[in-house]
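Notes follow once the structure below has been shown.
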Amino acid sequence: MTGKVYLVGGGPGDPELLTMKAHRVLTQADVVLYDRLVGDQIIALIPQAAEALYVGKAKSKHSLPQEDINKLLCEKANEGKNVVRLKGGDPFIFGRGGEEIEELVDAGVAFEVIPGVTAAAGCAAYAGIPLTHRDYAQSVRFVTGHLKDGSTDLPWNELVYPAQTLVIYMGLTGLAETAEKLVQHGMKESMPVAVVEKGTTDAQRVFTSTIADITQLVIDNDVKSPSLLIIGDVVKLQQRLSWFNTDAK
Ligand code: SAH
């Protein structure tokens, strides 16, 4: 009998943000392939008897190229195993989930996709920043600050748009360039920006500033990955609406 691959979104960090479905398939897994962004408390839920394979991309640890991950998923499923491919956040939001299941489709391997709380939703909630708000933002846009070839070429004109919240994933490395480009394309220098580091975890830190000053603030506070940028007038609400870990700040 052939097995099945579950492409599972593990959420942004807080293990209680796993869906019940994600929790169930994880605790019934024979094999789990997990990424760098999956936190220790979630890894701890993997059954003792299951084979747990780290396939992430941290420089210090062993990691697998994408093609090998895709192959491994097929192999393990063809051995009749219940395979969980566990990813941070949601598998279909900057998570390469599409690439992985394309390979499964080609190989005729059965699969399911289990959505997760994406970093934007998790970080915004735990930082106290509503991504939309009738007074400040009627739309929200998720972009990645990091393209496949390493550049940061974004559609700047579309990003500087009234009443729109911008959420930038993987935006820390290119932050200086992003901030500069946004201002060049007409964003007011006083535009509020938040950086959420390790959102939803006990180590969460939230910094707020303006598009003109955020880069320096990030440097001064040695902000590390994973961090999410939220740009827009909704960030003005952060101080009033923040509730999580407020003592720790
Ligand atoms: N599939 C994931 C995103 C993967 S891209 C999701 O849906 O959330 C990785 C980027 O996500 C990081 O560089 C960072 O910008 C963001 N990210 C993921 N988890 C985060 C967290 N706990 N806190 C802040 N940013 C996070």
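No lab work stands behind these numbers, since they all come straight from the coordinates. On a predicted model such as this, the values are computed, not experimentally measured, just so you know. Because the Cβ atoms are built from the backbone with ideal geometry, glycine has one as well, and the counts that use them run over all protein chains shown.
List of remarks:
- Cα-based shape type of segment 119-241, given that a ≥ b ≥ c are square roots of the gyration tensor eigenvalues and the cut on a/c is 1.5: rounded
- Whole-number percent relative contact order across the chain, with pairs defined as alpha carbons under 8 Å at least 6 apart: 20
- Prolate/oblate/rounded label for segment 1-87 (Cα gyration tensor, a/c 1.5): oblate
- The GluC sites (Glu not before Pro) found in segment 151-249 that occupy coil by DSSP, while having at most 15 further C-beta atoms within 10 Å, are 189.
- Segment 4-114 - charge dipole about Cα centre, Lys and Arg +1 at Cβ, Asp and Glu -1, debye rounded to 20: 240
- Annotation: aspartates and glutamates with alpha-carbon distance below 19 angstrom to residue 236 (same-chain offsets under eight excluded): 135, 189, 197, 213.
- Counting every other Cβ atom within 10 Å of each residue's Cβ, 201, 165 order from fewest to most as 201, 165.
- Going from the residue with the fewest nearby Cβ atoms within 10 Å to the one with the most, 143, 235, 31, 8 rank 143, 31, 235, 8.
- The mean sequence separation of alpha-carbon pairs under 8 Å and at least six residues apart, normalised by the residue count of segment 119-241, gives a relative contact order of 33 percent.
- Across segment 4-114, Cα pairs under 8 Å and at least six residues apart give a relative contact order of 42 percent.
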